[in-house]
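Q: What follows is a single structure, and I will ask about it in a moment.
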Amino acid sequence: MATARGKTEAKPKRAKKPADWLPVAGYEGLYEVSSCGSIRSLPRKTRTGLLGGRTLKPQIQKNGYHRVTLSRDGKSARLLVHRIVLCAFRGPCPAGQEARHLNGNAADNRVVNLAWGTRSENAFDRVRHGTLPNNSGERHPNTNLTDEQALEIISRREAGETARSIARAIGTSEQTVGRIANRKGWLHLEGARG
């Protein structure tokens, strides 16, 4: 902001809102979860002395999701942080739904970035964020064809060859030939676009 003398004043800094803390479902009185995605153990007396009273350090999985180990009655459980946050702040997971990271960052476990949603919504989020792995065509783990073979199928079908003869020559099923030739699969290929 400019003043009458032409000097600029520093913008006032917004005070950070303190995190809200709620009990972890199933671990009430033992652990709490914050709206920022932190998990802390509560201080408690045990046979051996005072235990807890610290913020837990999550284990980061290969896929980027955070896990913590919580204990109750001598039994430990490894739980995903984003699910703990959602259960505490949004309630239990509705039937047929799963946790969604709205910004696509698996490490961002703030409640404002999380929501329950359908598998379809979660998949759409992954496409929108660019976090969906590209398993198209020959990169798909279940295929036995190469991109080159798929292009050959398209070319041969367009030339009028039967699906049965192409399938026998390439070593795949007539159904696969039909799906590729009818642009139901392998859409990433230039020759596959109709």
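Every read-out reported here was derived from the displayed coordinates using simple, explicitly stated rules and does not represent laboratory data. Please read these numbers as outputs of a predicted model, since none were measured by experiment. For neighbour counting, all protein chains shown are included, and Cβ atoms are generated from backbone atoms with ideal geometry for every residue, glycine included.
Q: 7 Å from Cα along Cα→Cβ at both residue 179 and residue 93: what's the point-to-point distance in nm?
A: Those two pseudo-labels are separated by 2.8 nm.
Q: Can you give me the relative contact order of the chain as a percent, contacts being Cα pairs under 8 Å and 6 or more apart? Display every interim value, and only then the final one.
A: Working: 258 pairs, mean separation 21.5, N = 194.
Reported as a whole number, the value is 11 percent.
Q: Could you please report the charge total around residue 58, scoring K, R as +1 and D, E as -1 over all other residues with beta-carbon less than 11 angstrom from its beta-carbon? Don't jump to the answer; show the numbers that get you there.
A: Details: positive: 57, 67, 78; negative: none.
Here the count lands on +3.
Q: Here is a further query. Can you pull the one-decimal nm distance between simple spin-label points at residue 44 and residue 25, each 7 Å off the Cα toward Cβ?
A: 1.9 nm
Q: Something else about it: With an 8 Å cut-off on Cα pairs and a minimum separation of 6 or more residues, tell me the relative contact order of segment 137-192 in percent. Before the final figure, lay out each step's value.
A: Working: 49 pairs, mean separation 19.4, N = 56.
Here the relative contact order equals 35 percent.
Q: Further question: Can you find, among 187, 89, 142, the residue sitting farthest towards the positive end of the charge dipole of the chain, where Lys and Arg contribute +1 and Asp and Glu -1 at Cβ?
A: Projecting each Cα onto the dipole axis, the largest value belongs to 89.
Q: Further question on the same structure: Kindly rank 72-81, 102-111 from highest to lowest mean number of other beta carbons found within 10 Å of each residue. If you can, show how the numbers build up before the last one.
A: Numbers: 72-81: 12.3, 102-111: 17.1.
Top of the packing list down: 102-111, 72-81.
Q: Any chance you could check the Cα centroid distance between segment 20-38 and segment 104-160 for me, in angstrom?
A: Using only Cα atoms, the two centres lie 35 Å from each other.
Q: If we count every other residue with Cβ under 13 angstrom of residue 177's Cβ, Lys/Arg +1 and Asp/Glu -1, where does the sum land?
A: Values: positive: 156, 157, 164, 168, 179, 183, 184; negative: 152, 158, 161, 174.
Taking every other residue near residue 177 into account, the sum is +3.
Q: Compute the Kirkwood hydrodynamic radius of the chain, taking the inverse of the mean of 1/r over all pairs of distinct Cα atoms, and give it in Å to one decimal.
A: Details: mean 1/r = 0.0463 Å⁻¹.
That comes to 21.6 Å for the chain.
Q: If we sort 90-96, 183-189 on the protection proxy, mean other Cβ atoms within 10 Å, highest first, what's the order?
A: Details: 90-96: 10.1, 183-189: 16.0.
Per-residue Cβ counts within 10 Å, averaged per peptide and sorted highest first, yield 183-189, 90-96.
Q: With labels modelled as points extended 7 Å from the Cα through the Cβ direction, what inter-label distance (nm, one decimal) is found for residue 136 paired with residue 162?
A: According to this spin-label approximation, the distance is 3.3 nm.
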